[in-house]
Amino acid sequence: MERMKEDQDQIYYHSGADLESVKDSPFLEKLIKKGYEVLYLTQAIDENMTTQLLDYEGTKFMSISKDNFKFGEKDQKEEKEKNKALKKMYKPLTKFLKKKLGDKVSKVRLSNRLSDTVCVLTSDQ
């Protein structure tokens, strides 16, 4: 928590089978570039812990692979501005993909958390 960015108001974490798979995750791309701290959880008990322990010293845990993920307040505002124009521009594509994928996905939308990877699948909150 001492190394967290000033506006990072949640403890970000990402879980996986091993350290390599967590480090290689596309969900980390923009977070690392923006200097956010992320806990790497690689033990089976870790994921269970985050469902039971909702916060640490008043700071909530946030999975970076969940649909409800948000950057810190300052970066969130910046990303929102950028995304507004992009959403309009890519609306035909997102509509097309949702139609093609149908019931296999709940929604198709642009993401502000990627920098190099084309797309990712997220799970519900």
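The values are calculated or read from the model by the stated rules, or taken from the named source; none is laboratory data. Just so you know, these numbers come straight off a predicted model, no measurement behind them. All Cβ positions, even for glycine, are placed from backbone atoms using ideal geometry, and neighbour counts span all protein chains on display.
Computed values, structure above
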| item | result |
| --- | --- |
| Some residue of region 81-102 being touching a residue at least 24 places away in the same chain (Cβ under 8 Å) and hydroxyl-bearing (Ser, Thr, Tyr) | no |
| Hey, Glu81 modelled with pLDDT under 80, in a helix (DSSP H, G or I) and loosely packed, with under 11 Cβ neighbours inside 10 Å or not | yes |
| Output for region 112-125, where each listed residue is over 24 Å from Glu47 (Cα atoms) and among the small types (Gly, Ala, Ser) | Ser115 |
| Pick from region 18-61, criterion β-branched (Val, Ile, Thr) and in contact with a helix residue (DSSP H, G or I) (Cβ under 7 Å, 6 or more places away or on another chain), ranking: surrounded by the fewest Cβ atoms within 10 Å (Cβ to Cβ) | Thr42 |
| Flag if Lys91 is touching an Asp or Glu at 6+ places or on another chain (Cβ under 8 Å), of a type in the set (Lys, Arg) and farther than 28 Å from Leu19 by Cα | no |
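Results for (1) under 12 Å from the mean Cα position of the chain (by Cα); (2) over 25 Å from Val108 (Cβ atoms); (3) among the small types (Gly, Ala, Ser), shown as yes or no for each residue.
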position	(1), (2), (3)
His14	yes, no, no
Leu39	no, yes, no
Asp46	no, yes, no
Lys66	yes, no, no
Phe69	yes, no, no
Gly72	yes, yes, yes
Glu78	no, no, no
Lys84	no, no, no
